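S.K.: I have a structure here, written as structure tokens, and I will follow up with some questions on it.
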Amino acid sequence: MTIAVTFANEMIFQHFGHTAQFKLYHVENGAVVSSRVVDTQGSGHGALAGFLAENHVDTLICGGIGGGAQMALQQAGIQLYGGVSGEADAAVDALLSGELRYNPNVRCNHHDHGEGHTCGSHGCGSHSCH
């Protein structure tokens, strides 16, 4: 099993479509056996699901994520755990122990948060998309 986490500075990056890196965890027998950080190489919203599938990812942990990206992940057979924040390693440990707190109804409308700006212009910096 391979788990991907949107990643920045050891933390879960809060906007899936703008993530520059994923931390990938290879899991065997319920335990992490290795991990590595991979660059998305500028892939955007739609291409990220394909990027994850190419890296044999089964499961994604992230903060905010839009409906279109969720559909792409579902079509790729990738299980989503969205609306998560905090340290990436701790989230993976919590998932493996069955204690991960996530939002099954997470949504991020990156076009307008009702605050007079868009995530596209700043990457959701001071607020989250979940």
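The values are calculated or read from the model by the stated rules, or taken from the named source; none is laboratory data. Bear in mind the structure is a predicted one, so any value in this text is a computation, not a measurement. Positions of Cβ are generated from backbone atoms using ideal geometry, with glycine treated the same way; all protein chains shown enter the neighbour counts.
S.K.: For region 68-92, what are the residues that are more than 17 Å from SER35 (Cβ to Cβ) and surrounded by fewer than 18 Cβ atoms within 10 Å (Cβ to Cβ)?
M.R.: Passing the criteria: GLY68, MET71, GLN74, GLN75, ALA76, GLY77, GLN79, SER85.
S.K.: Then there is this: I need the strands (runs of 3 or more DSSP E) fully contained in region 14-115, keeping only those with at least 3 residues that are modelled with pLDDT of 95 or more and out of contact with any Phe, Trp or Tyr (no Cβ under 6 Å at 6 or more places or on another chain).
M.R.: On the way: elements: 21-28, 31-39, 59-61, 79-81.
The strands (runs of 3 or more DSSP E) meeting that bar are 21-28, 31-39.
S.K.: Just checking, which of LEU73, LEU24 is in contact with a Leu (Cβ under 6 Å, 6 or more places away or on another chain), free of Cβ contacts under 8 Å to residues at least 60 places away in the same chain and under 23 Å from ALA90 (Cβ atoms)? Before the answer, list the steps.
M.R.: On the way: LEU24 fails: in contact with a Leu (Cβ under 6 Å, 6 or more places away or on another chain).
Just a single option satisfies the conditions, and that option is LEU73.
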